[in-house]
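Enquirer: What follows is a single structure, and I will ask about it in a moment.
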Amino acid sequence: MLFLSASQPLEPETLAFLLDRNGHGSVITVVSGTVDPDSVLAVTECLARAAEGLPHATALVLATVRPTGCVLPGDIDRWLEASDLAAAHGVDLIEWYIIGASGAQCPRDLLGEPERWAMLAPNARP
C-alpha cells in the first residue's frame with residue numbers, strides 16, 4: 001500500500017498511517033517535501049499527537065521516500081527517537097520504512113531489533 005501511495009516518480013515525502021490494535025487503518029497521510037532526514041521526527045510527533053484523542057488509533061507506521069538514497073547514518077537514532085516520541089503520546093511505532101529507487105529498508109533491521117507487528121492482533125501483519 002505504501003508503494004502505491006508514494007508519488008511517481010518518487011519524490012521526498014513521508015507517508016504515515018495510524019492503525020487500531022487489530023492493524024486496521026483507513027487514511028494514509030502524505031507529507032511532501034520532507035528532504036531533511038530529521039523530518040520523520042516532526043511527522044511522528046504530529047501524528048502521535050493527533051492519535052492521543054482517538055481511542056482506536058494505537059499504532060503508527062511510517063515510510064520516508066528518498067528517491068536517490070537509502071538508509072542514512074543516524075537513521076538508527078532517528079528510529080529510536082521516533083519510537084520514543086510516539087510512545088510519549090501513547091502510540092506504538094510499529095515500523096519505519098525508507099523507500100528508495102531500489103526498494104525499502106528498515107532502520108530497525110540494522111539495529112537488530114525484532115519486528116513489532118506482534119504488538120498488534122495476531123493477523124495484523126502486512
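Enquirer: What residue, of Ala16, Ala57, is among the small types (Gly, Ala, Ser) and not in a loop (DSSP other than H, G, I, E, B)?
Expert: Of Ala16, Ala57, the one residue that is among the small types (Gly, Ala, Ser) and not in a loop (DSSP other than H, G, I, E, B) is Ala16.
Enquirer: How about the range 31-48: which of its residues are surrounded by fewer than 16 Cβ atoms within 10 Å (Cβ to Cβ) and in a strand (DSSP E or B)?
Expert: Within the range 31-48, just Ser32 meets the criteria.
Enquirer: Search the range 91-114 for residues being of a type outside the set (A, V, I, L, M) and in contact (Cβ under 8 Å) with a residue 40 or more places away in the chain, and hand back the single one that is farthest from Val43 (Cα to Cα).
Expert: Let us first name the residues in the range 91-114 that are of a type outside the set (A, V, I, L, M), namely 92, 95-97, 100, 102-103, 105-109, 112-114.
After this cut, where a residue has to be in contact (Cβ under 8 Å) with a residue 40 or more places away in the chain as well, the list is 96-97, 100.
Values: Trp96: 12, Tyr97: 14, Gly100: 19 Å.
Top of the filtered list is Gly100.
Enquirer: Oh, and also: Please pick out the residue among Ala51, Ala6 that is farther than 26 Å from Ala121 by Cα and either modelled with pLDDT under 95 or surrounded by 15 or more Cβ atoms within 10 Å (Cβ to Cβ) (or both).
Expert: Being farther than 26 Å from Ala121 by Cα and either modelled with pLDDT under 95 or surrounded by 15 or more Cβ atoms within 10 Å (Cβ to Cβ) (or both) holds for just one of Ala51, Ala6, which is Ala6.
Enquirer: Of all residues in the range 84-122, which are among the small types (Gly, Ala, Ser), outside any strand (DSSP E or B) and closer than 26 Å to Glu11 by Cβ? Write out each step before concluding.
Expert: Within the range 84-122, the first condition is being among the small types (Gly, Ala, Ser), and the residues that meet it are 86-88, 90, 100-104, 112, 118, 121.
Next, from what is left, pick out any that are outside any strand (DSSP E or B): 86-88, 90, 101-102, 112, 118, 121.
Selection gives Ala86, Ala101, Ser102.
Listed here are the residues, each with its yes/no results for (1) in contact (Cβ under 8 Å) with a residue 40 or more places away in the chain; (2) under 13 Å from the mean Cα position of the chain (by Cα).
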residue	(1), (2)
Glu13	yes, yes
Phe17	yes, yes
Asp20	no, no
Gly23	yes, no
Ser39	no, yes
Glu52	no, no
Leu60	yes, yes
Val65	yes, yes
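The values are calculated or read from the model by the stated rules, or taken from the named source; none is laboratory data. Predicted model, so just to flag it, every value in this text is computed and none were measured. Reconstructed Cβ throughout: ideal geometry from the backbone, glycine too, with neighbour counts over all protein chains shown.
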